1. I need a count of the residues in the stretch 56-80 that are of a type in the set (A, V, I, L, M) and out of contact with any helix residue (DSSP H, G or I) (no Cβ under 8 Å at 6 or more places or on another chain).
2. Among (1) surrounded by 12 or more Cβ atoms within 10 Å (Cβ to Cβ); (2) at positive phi, where does Thr22 come up short?
3. Which of the residues belonging to the stretch 83-98 are in a helix (DSSP H, G or I), modelled with pLDDT under 90 and either surrounded by fewer than 11 Cβ atoms within 10 Å (Cβ to Cβ) or under 9 Å from the mean Cα position of the chain (by Cα) (or both)?
4. May I ask you to list the residues in the stretch 48-60 that are surrounded by fewer than 17 Cβ atoms within 10 Å (Cβ to Cβ) and touching a residue at least 12 places away in the same chain (Cβ under 8 Å)?
5. Pairs, please: C-beta under 8 Å, at least 6 apart or cross-chain, first residue among the polar types (S, T, N, Q) and in the stretch 65-81, second modelled with pLDDT of 95 or more and not in a helix (DSSP H, G or I)?
6. Restricting attention to the stretch 67-85, which residues are more than 12 Å from Ile7 (Cα to Cα) and not hydroxyl-bearing (Ser, Thr, Tyr)?
7. So Leu80 ticks every box in (1) in a helix (DSSP H, G or I); (2) at pLDDT 90 or above but one. Which box is left unticked?
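The values are calculated or read from the model by the stated rules, or taken from the named source; none is laboratory data. None of the values given here were measured: they were computed from a predicted structure. Using ideal geometry, Cβ is built from the backbone for each residue, glycine included, and neighbour counts are taken over all protein chains shown.
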Amino acid sequence: MKTANWIIKFRWVIIIGFILLTAYKDAVIKTLTTTGKGIIINAVSVIVGFAALLFSVFMPVQLFGFLIVISIFACLVGALIIIPALVLITKPKFLEPKN
């Protein structure tokens, strides 16, 4: 769910950046320097919150906390590294503004 929210927000900011800057590279850089900060803050706060479960004495809760921390970190990497790289490589038409 977090990844979907981050990707939707990232997509809309890229579209707005593309309208203003008309270049994929500039739009991605602008998006990462603005929206990227919010995504990082959100991910770190969620990771820290679930990391508290790692100190539980009940092993299933520890494992749940570990899996959530790993999955949120993977979502963060996907939203900030993989998606921008794919945008720059593929230059999808659906991100370009419609005339």
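1. The number of residues fulfilling the criteria is 7.
2. Unmet for Thr22, out of (1) surrounded by 12 or more Cβ atoms within 10 Å (Cβ to Cβ); (2) at positive phi: (1).
3. Residues satisfying the conditions are Ile83, Thr90, Lys93, Phe94.
4. The answer is Ala51, Ala52, Leu54.
5. Here the result reads none, with nothing in the stretch 65-81 linked to a residue that is modelled with pLDDT of 95 or more and not in a helix (DSSP H, G or I).
6. Leu67, Ile68, Val69, Ile70, Ile72, Phe73, Ala74, Ala85
7. (2)
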